[in-house]
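Below is one structure, written out as structure tokens; the observations come after it.
The values are calculated or read from the model by the stated rules, or taken from the named source; none is laboratory data. Model, not experiment: these values are computed from the prediction. Here the Cβ positions follow ideal geometry from the backbone for every residue, glycine too, while neighbour counts run over all protein chains shown.
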Amino acid sequence: MSACHATVLTPSPADALRQQALELEAKNSALQAQVEELQAQLAHQNNSPTKAPSAELEQATPRAAKISIGQLSRALPKKEVAGKPTQPEQLVIFVNAQDARGHALQLTGDLTIEASLQAAGKVVPLASAHWGPAQLRNAYRAGLGSPHYSLETPIQIPPNMSDATALVVLTYVDGWTGRTLKTERAIPWPIDEFVLEKPLQVE
């Protein structure tokens, strides 16, 4: 019978150099991408005043036609380490954006979230938050799951509202066209122990 033997590789000083080279290569690629984007922005600014876009170009440019709040959006409990709070209760809201053909796209504008608790005709504010264009871009996620925005904001929980309905209202104002899109969704309440551990298909 043949035996299997594990091969143990001895660490080498070259390992650290290879790791450093990979990190430098990644940083260089990121910087090059930023340069390309700045050049594209400059070209757009230089051409815009003198050359109007063709009708075909206008039609081919995607515009946000629909926004929606993902079904996994919810309120999260506060986190504690050694009895000390490290994160307050908060909302995590997953936002999807699509053009008229149902394709995912990035938003370039302002987005506002208003959350409230409603019970027995009483409405109590839960959270209010705003993301500008740059903040919104940083919140975009396009990994293994479907492209989406992951937005987090702390909440203030009023007493005696465990039987309430939690409603989130999202308003987006397009920075280029000024068009406003609005949507809302009820999220699970009271707070559960939902934990996000892997990429999600946020729909």
Residue within segment 188-197 that is touching a Lys or Arg at 6+ places or on another chain (Cβ under 9 Å), exposed (fewer than 15 other Cβ atoms within 10 Å of the Cβ) and among the acidic types (Asp, Glu) present: yes
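Need at least 1 residues that are at pLDDT 90 or above per element, so show me which strands (runs of 3 or more DSSP E) inside segment 51-112 make the cut, counting only ones lying wholly within it. Before you say what the answer is, go through the steps one by one.
Details: elements: 66-69, 74-76, 79-81, 84-87, 90-98.
In segment 51-112, the matching strands (runs of 3 or more DSSP E) lie at 66-69, 74-76, 90-98.
Does at least one position in segment 76-96 carry a residue that is out of contact with any helix residue (DSSP H, G or I) (no Cβ under 7 Å at 6 or more places or on another chain), at negative phi and among the small types (Gly, Ala, Ser)?
Step one: filter segment 76-96 for residues out of contact with any helix residue (DSSP H, G or I) (no Cβ under 7 Å at 6 or more places or on another chain), giving 76-96.
Still in the list and also at negative phi: 76-81, 84-96.
Now narrow it down to the ones that are among the small types (Gly, Ala, Ser): none.
No, every residue in segment 76-96 fails to be out of contact with any helix residue (DSSP H, G or I) (no Cβ under 7 Å at 6 or more places or on another chain), at negative phi and among the small types (Gly, Ala, Ser).
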Every pair of residues 6+ apart whose Cβ atoms lie under 9 Å, when the first sits in segment 53-68 and is closer than 16 Å to Asp174 by Cα while the second is of a type in the set (Phe, Trp, Tyr) and in a loop (DSSP other than H, G, I, E, B): Arg63/Trp176
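Counting only residues that are surrounded by 12 or more Cβ atoms within 10 Å (Cβ to Cβ), free of Cβ contacts under 8 Å to residues at least 40 places away in the same chain and either touching a Lys or Arg at 6+ places or on another chain (Cβ under 9 Å) or under 15 Å from Arg141 (Cα atoms) (or both), how many does segment 69-105 have? Before the answer, list the steps.
Filtering segment 69-105 down to residues surrounded by 12 or more Cβ atoms within 10 Å (Cβ to Cβ) leaves 69-79, 87-99, 104-105.
If we keep only those that are free of Cβ contacts under 8 Å to residues at least 40 places away in the same chain too, we end up with 78-79, 87, 98-99.
When the remaining residues are screened for being either touching a Lys or Arg at 6+ places or on another chain (Cβ under 9 Å) or under 15 Å from Arg141 (Cα atoms) (or both), the result is 87, 98-99.
Going through segment 69-105 one residue at a time, the tally reaches 3.
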Residue within segment 13-22 that is assigned to a helix (DSSP H, G or I), of a type in the set (A, V, I, L, M) and either modelled with pLDDT under 75 or under 30 Å from Arg185 (Cβ atoms) (or both) present: no
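A quick yes/no check of all residues on (1) out of contact with any helix residue (DSSP H, G or I) (no Cβ under 6 Å at 6 or more places or on another chain); (2) over 26 Å from Pro77 (Cβ atoms); (3) surrounded by fewer than 17 Cβ atoms within 10 Å (Cβ to Cβ):
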{"position": "Thr108", "(1), (2), (3)": "no, yes, yes"}
{"position": "Val124", "(1), (2), (3)": "yes, no, yes"}
{"position": "Gly132", "(1), (2), (3)": "yes, yes, yes"}
{"position": "Arg137", "(1), (2), (3)": "yes, yes, yes"}
{"position": "Gly143", "(1), (2), (3)": "yes, no, yes"}
{"position": "Ile155", "(1), (2), (3)": "yes, no, no"}
{"position": "Met161", "(1), (2), (3)": "yes, no, no"}
{"position": "Leu167", "(1), (2), (3)": "yes, no, no"}
{"position": "Tyr172", "(1), (2), (3)": "yes, yes, no"}
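Could you grab me the full set of residues in segment 135-193 that are in a loop (DSSP other than H, G, I, E, B) and in contact with a Gly (Cβ under 8 Å, 6 or more places away or on another chain)? It would help to see each step written out before you state the result.
The initial filter retains those residues of segment 135-193 that are in a loop (DSSP other than H, G, I, E, B), namely 139, 142-147, 155-164, 175-179, 188-193.
The answer is Gly175, Trp176.
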